[in-house]
Amino acid sequence: MSSTTFGSVSFNSGWLRKHGTLSSNSRQCDGSLLRVRASVASSPQSLRSTKEKIDASEKSVRIGVLGASGYTGAEVVRLLANHPHFGITTMTADRKAGQPIGSVFPHLMTQDLPAMVAIKDADFSNVDAVFCCLPHGTTQEIIKSLPKQLKIVDLSADFRLSNINEYEEWYGLPHKAPELQKEAVYGLTEVLRGKIRNARLVANPGCYPTSIQLPLVPLIKAGLIELRNIIIDAKSGVSGAGRGAKEANLYTEVSEGLHSYGITKHRHVPEIEQGLSDASHSKVTVSFTPHLMPMSRGMQSTIYVEMAPGVTTDDLYLELLSAYKDEVFVRLLERGVVPHTRHVRGSNYCFMNVFEDRIPGRAIIISVIDNLVKGASGQALQNLNLMMGFPENMGLDYQPLFP
């Protein structure tokens, strides 16, 4: 059969005639090959119509994004652009109500999306599932008011802590939806996917807890490290602090320096300790200090642990290799290779490795993620894929952006 070439790409000429894309400038060579100028092969309108038909027929799950004007909301929108089954039908942003997403985030202006509305005006009759990207402390009552049939992934901290008294202690507010807290499933995908698959409401983990629990949970479950003296030195890009206008996030405040914050009282501490305690079936307390780095995105957790008697770093390495050998997004690097945040930027990957400390009996674990993807919106999409019965990597096979 004859074919048509667009640059280096060939198409069957019968298909082209059927779809009306052959131009008058096309000519036949040797009776079989048609060469068509790329600029006249098909009009933008015809391409747009084809795309719209594909979107309408294939995107069967209607998505609402609450809080689309924040960093995690924008990242959800970016990731969903290439999802074959999830299509956005509703977006909310109270302060940006009535505006298109492109006016708030110009990098998203090419997407054909509904204008953002105030959450009180949102219509959930054409929504099947929701990503809730609202600030901590505002989410509980909103989720409580949503239609009960919706699948929900909440990216705030409002449902991460199973103990509502602990939530009030660390966040300074009484829990406003204790009945929903009982229903919520913690969404650390690689660890709890069985529960996530059957959940209606998933509490998406925080970025620091994700980077910390992924390497530590398998080691604790295997009894390879002591539960005492776990020290975590973690560093995040500035996007982890959110998009709100804050003096501490000004360029002159964060550039050319390193900023420690939340010392001994960061709100991710109880979430980290909850996950590690669940893995060990006993109380685990950690020393955790976060730092703000002068970069837009990225996160590294450097974790210092004491190994159980007779255990070596080779044992830790082999346990992590066994735990994650079949995982798409968690990668244990070759021995001796240091993980770097720039190697996971823009992706849903977590890279990790184990190193022997100079102090006998201790090991150093380094774990890196993109705080906005695996640490937030990417893991949220991974979870909703599971909840809706799709492969969990669907729409997430973005390769890291480098340099």
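Some observations on this one:
- Residue match in the range 249-256 (condition: surrounded by 15 or more Cβ atoms within 10 Å (Cβ to Cβ), of a type outside the set (Gly, Ala, Ser) and over 21 Å from residue 372 (Cα atoms)): no
- Annotation: of all residues in the range 309-345 being in a loop (DSSP other than H, G, I, E, B) and buried (at least 19 other Cβ atoms within 10 Å of the Cβ), the one that is farthest from the chain's Cα centre (by Cα) is 311.
- Of the residues contained in the range 375-384, none is found to be in a loop (DSSP other than H, G, I, E, B), out of contact with any strand residue (DSSP E or B) (no Cβ under 8 Å at 6 or more places or on another chain) and on the phi < 0 side of the Ramachandran plot.
- Selection of the range 120-144 for residues being in a helix (DSSP H, G or I) and buried (at least 19 other Cβ atoms within 10 Å of the Cβ) yields 139, 140, 142, 143.
- Against the test of being among the small types (Gly, Ala, Ser) and either more than 14 Å from the chain's Cα centre (by Cα) or farther than 17 Å from residue 206 by Cβ (or both), the options 363, 380, 376 yield a single qualifying residue, 363.
- Residues in the range 346-364 that are among the polar types (S, T, N, Q) and in a loop (DSSP other than H, G, I, E, B): 347, 348.
- Annotation note: of 128, 154, 112, 158, the sole residue that is acidic (Asp, Glu) and at pLDDT below 95 is 112.
- With respect to being farther than 23 Å from residue 394 by Cα, of a type outside the set (Gly, Ala, Ser), without any contact (Cβ under 8 Å) to a residue 60 or more places away in the chain and in contact with a Pro (Cβ under 9 Å, 6 or more places away or on another chain), residue 318 falls outside the description.
- Flag if residue 73 is touching a strand residue (DSSP E or B) at 6+ places or on another chain (Cβ under 8 Å) and either part of a loop (DSSP other than H, G, I, E, B) or surrounded by 18 or more Cβ atoms within 10 Å (Cβ to Cβ) (or both): yes
- The residues on offer are 225, 231, and the sole one that is surrounded by fewer than 16 Cβ atoms within 10 Å (Cβ to Cβ), modelled with pLDDT of 95 or more and among the hydrophobic types (A, V, I, L, M, F, W, C) is 231.
- Number of positions in the range 207-222 that are surrounded by fewer than 24 Cβ atoms within 10 Å (Cβ to Cβ) and within 22 Å of residue 133 (Cβ to Cβ): 0
- Qualifying residue in the range 150-164 (condition: out of contact with any Cys (no Cβ under 6 Å at 6 or more places or on another chain), more than 24 Å from residue 375 (Cβ to Cβ) and surrounded by fewer than 13 Cβ atoms within 10 Å (Cβ to Cβ)): no
- Those helices (runs of 4 or more DSSP H) of the range 166-285 in which at least 3 residues are in contact (Cβ under 8 Å) with a residue 40 or more places away in the chain, considering only elements entirely within it, cover 189-197, 207-221, 269-280.
The values are calculated or read from the model by the stated rules, or taken from the named source; none is laboratory data. None of the values given here were measured: they were computed from a predicted structure. For neighbour counting, all protein chains shown are included, and Cβ atoms are generated from backbone atoms with ideal geometry for every residue, glycine included.
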